[in-house]
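J.: This structure is in structure tokens; I'll ask about it shortly.
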Amino acid sequence: MNAQPHTTPSSGPADAHLRVVDLRGRHLGWDELRRVVPRQAASSVSAAEDAVRGIIEDVRTRGADALRELAHRFDGVEQDRIRVAPEQIARAVAELDPAVRRALETAIARTRAFAEAQRPRDVEVEVAPGAVLRHRWTAVRRAGLYIPGGLAVYPSSVVMNVVPAQAAGVESVVLCSPPQKEFGGLPHPVILGAAGLLGVDEVWAVGGAQSLAAMALGVTDGQDVLEPVNTLTGPGNIFVATAKRQLRSLVGVDAEAGTTEIAVLADDSADPRFVAADLISQAEHDPAAGSVLITDSPDLARAVERELFAQVPEARHRERITTALGGPQSGVVLTDGLEQSIDVADAYAAEHLEIHTRDAREVAARVRNAGAIFVGPYSPVPLGDYAAGSNHVLPTGGTAVFASGLQAASFMKAVQVVEYTREALAELEEDIVALSGSEDLPAHGRAVALRSEDHVAEGAHGAAGSAAAPSATPRSTPGAEDDPASRAGDAARVPGAPGTGSPDTHGKG
């Protein structure tokens with residue numbers, strides 16, 4: 001259908017925070033739903049693409065000089081040494097607030113338990129006698145982790161990035177975080193302290209898209225060398241997510257974990273205070289953060305709006321929150337019922353999806369697309385942001401339709417190992433020869449056939465050497481045509497092979 005959703009201001013007060021997308025009575029297909037759900041403006045994404053392309057090229061051509069210039073432009077700092085000295089990391093650990101240290105240690109323990117349980121297991125299968133296949137997981141050698149530090153400080157992101165890398169078995173980890181003017185051009189001390197707690201000793205004071213470019217391309221700064229990494233991970237704003245997209249052909253990336261977003265799927269059983277508080281909690285990250293309520297209850301939508309008017313003025317970052325809630329990336333989506341609400345949630349593919357409905361666990365099990373799902377009124381997104389044990393580096397911008405949150409497997413890759421015996425290979429020879437011939441790649445079949453011919457020749461040579469034949473004329477052995485090796489040798493005689501009498505039309509022989 002081409003029916004368009006009805007978009008209006010909220011039915012609450014005149015200066016209501018959230019716009020309303022009314023889908024009631026409308027039956028939109030998947031593509032239409034993907035278009036009408038709240039998103040960041042396309043112009044913002046396009047502007048980021050151009051800016052990031054220039055930053056990556058600048059780092060590629062000018063290296064550390066470009067990083068210093070960008071730090072001055074974006075962070076207001078003049079840098080001497082870009083890499084953080086090990087003693088500065090150790091000092092940050094020693095000076096951690098005891099309550100913060102205890103919280104970090106709790107988060108580390110729970111995140112490690114979950115990350116180690118997520119680590120994929122090797123598999124070995126014998127698909128036929130002597131035919132063994134193995135699926136073996138190996139960690140990447142070196143990982144680059146980005147920790148944001150612009151509008152807020154994220155020591156929790158240190159935990160979320162480092163722990164799964166360690167659980168995967170990554171040998172070398174480098175961490176980048178923006179330089180802070182108030183801390184002498186170093187990353188925030190709590191970020192350094194969290195890195196030190198986890199044993200990370202390579203930290204560079206670089207932020208934004210330029211940090212990802214530096215880790216992907218490598219940078220030399222005097223005696224300090226930032227060696228290129230194999231995989232990049234970490235959350236960030238739209239520029240960080242765009243840099244990942246543009247560097248994807250050079251290194252592995254976890255997901256486009258850009259500006260944060262939350263969707264709350266709720267019915268009339270939801271507590272509007274909880275829903276409003278959770279929408280606010282993500283809106284305080286960034287003016288471009290997305291906060292979306294999906295509900296079939298207009299009464300709940302009005303109640304949540306009233307709660308926003310009560311709670312936002314009390315928030316420390318109320319200006320940032322108000323901007324985020326009023327942007328095109330935020331809103332209320334009104335639906336005809338639970339089925340349509342689930343369809344909208346799948347189309348939106350939220351980074352964080354909360355379920356505030358009756359039978360919340362059953363509803364959550366029906367959702368296909370989300371970075372992480374938080375089930376019921378006592379599993380709010382901030383729980384996952386800090387200490388649940390799940391990971392808060394999650395796909396944003398609708399990419400959860402194909403991408404997953406950060407986990408041990410994000411730092412690993414699978415190697416397929418093939419091991420066949422001579423007999424197992426001979427069993428497939430006719431099939432391989434037939435298929436390679438059908439694709440006009442006869443050398444593939446020949447590579448297999450040679451092995452059977454060698455086996456037949458070895459057998460014939462051994463038989464001749466041990467027999468006391470009275471005549472120089474060899475005798476055929478009764479029943480030789482029934483020998484499996486002989487059959488395999490016959491099957492190997494493809495057109496153009498030596499001894500077939502066929503013309504060498506494919507350059508074989």
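J.: Sequence gap at least 6, Cα distance under 8 Å: using those rules, report the relative contact order of the chain to the nearest whole percent.
T.: 18
J.: Please compute the length gained on full extension between residue 72 and residue 434, using 0.36 nm multiplied by the number of residues separating them and subtracting their Cα-Cα distance.
T.: Numbers: separation 362, 0.36 × 362 = 130.32 nm, distance 6.50 nm.
Between residue 72 and residue 434, full extension yields 123.8 nm more.
J.: Taking amide H positions as placed 1.01 Å from N in the peptide plane, with prolines and chain starts having none, which residues 5 or more places from residue 331, or on another chain, fall under 5 Å of its amide H?
T.: 291, 292, 293
J.: Amide H neighbours of residue 376 under 5 Å, at least 5 residues apart or on other chains, H built in the peptide plane: list them.
T.: 355, 357
J.: Roll a 1.4 Å probe over the protein chains and send me the accessible area per residue for the chain in Å².
T.: Here the per-residue accessible area is 48 Å².
J.: Write out the trypsin sites (Lys or Arg not before Pro) in the stretch 245-352 meeting two conditions: DSSP loop, and at most 10 other Cβ atoms within 10 Å of their Cβ. The partial results should precede the final answer.
T.: On the way: sites: 245, 248, 273, 302, 306, 316, 318, 320; in loops: 248, 316.
Loop-located and lightly packed - 316.
J.: Carbon and sulfur together cover what percent of the accessible area of the chain at a 1.4 Å probe radius? Provide the component values of the computation, followed by the final result.
T.: Working: 12680 of 24430 Å².
That fraction is 52 percent.
J.: Is the C-alpha gyration tensor of the stretch 229-346 telling us rounded, prolate or oblate? Criteria: a/c under 1.5 is rounded; beyond that, a/b larger than b/c is prolate, otherwise oblate.
T.: oblate
J.: Select from the stretch 136-177 those trypsin sites (Lys or Arg not before Pro) which occupy a DSSP coil region and have at most 14 other Cβ atoms within 10 Å, ordered by residue number.
T.: Listed in order of number, the matching sites are 141.
J.: Mind jotting down the distance between the C-alpha centroids of the stretch 414-429 and the stretch 61-100, whole Å?
T.: 53
J.: From the square roots a ≥ b ≥ c of the eigenvalues of the alpha-carbon gyration tensor of the stretch 300-380, which class results: rounded (a/c under 1.5), prolate (a/b over b/c), or oblate? Spell out each step's value before the answer.
T.: Numbers: a/c = 1.82, a/b = 1.76, b/c = 1.04.
Prolate, because a/c is 1.5 or more and a/b exceeds b/c.
J.: Separate question: Give the longest segment of the chain that steers clear of chymotrypsin sites (Phe, Trp or Tyr not before Pro) in DSSP loops with at most 13 neighbouring Cβ atoms within 10 Å, not counting the sites themselves.
T.: In short, 1-377.
J.: OK, next. Compute the distance from the alpha-carbon center of the stretch 116-139 to that of the stretch 239-269, in whole Å.
T.: Their Cα centres are 31 Å away from one another.
J.: Between residue 306 and residue 421, how high is the FRET efficiency from 1/(1 + (r/R0)^6) when r is the Cβ-Cβ distance and R₀ = 56 Å? Nearest 0.05.
T.: 0.15
J.: Tell me which label goes with the value of mean projected area of the Cα convex hull in nm² computed from the coordinates here: [x] 26.9; [y] 34.8; [z] 38.8.
T.: Answer label, from the structure shown: [y].
J.: Starting from the stretch 69-161, pick out the GluC sites (Glu not before Pro) whose DSSP state is loop and whose Cβ has at most 16 other Cβ atoms within 10 Å. Please report the intermediate quantities before stating the final value.
T.: On the way: sites: 69, 78, 87, 95, 105, 116, 124, 126; in loops: 78, 95.
Here the sparse-neighbourhood loop sites are 78, 95.
J.: Using each residue's phi in the stretch 223-235, evaluate 6.51 cos²θ - 1.76 cosθ + 1.60 at θ = phi - 60° and report the 3J(HN,Hα) Karplus result to the nearest Hz, with x for Gly and Pro.
T.: For the stretch 223-235, the Karplus curve yields 7, 8, 10, 8, 6, x, 9, 9, 9, 10, 9, x, x Hz.
J.: So what's the net charge close to residue 414: Lys and Arg +1, Asp and Glu -1, counting the other residues with Cβ under 15 Å from its Cβ?
T.: +3
J.: When the Karplus curve 6.51 cos²θ - 1.76 cosθ + 1.60 is applied with θ = phi - 60°, which whole-Hz ³J(HN,Hα) does each residue of the stretch 292-305 get, with x for Gly and Pro?
T.: 10, 10, 10, 8, 9, 10, x, 5, 5, 4, 5, 5, 5, 4
J.: Would you mind calculating the gained length between residue 125 and residue 201 on full extension (0.36 nm times residue separation, minus the Cα-Cα distance), in nm to one decimal?
T.: Value of the extension gain: 23.3 nm.
J.: Counting Lys and Arg as +1 and Asp and Glu as -1, what is the net charge of the other residues whose Cβ lies under 12 Å from the Cβ of residue 155? Provide the component values of the computation, followed by the final result.
T.: Numbers: positive: 101; negative: 97, 105, 385.
That sum, taken over residues with Cβ under 12 Å, equals -2.
The values are calculated or read from the model by the stated rules, or taken from the named source; none is laboratory data. Note that the coordinates shown come from a computational prediction; the quantities given were computed from them, not determined experimentally. Virtual Cβ from ideal backbone geometry, glycine too; neighbours counted across all protein chains shown. Ligands, DNA and RNA are stripped out before the accessible areas are found, and what is left, the full protein with its side chains, is counted by its heavy atoms. Shrake-Rupley method; radii C 1.70, N 1.55, O 1.52, S 1.80 Å.
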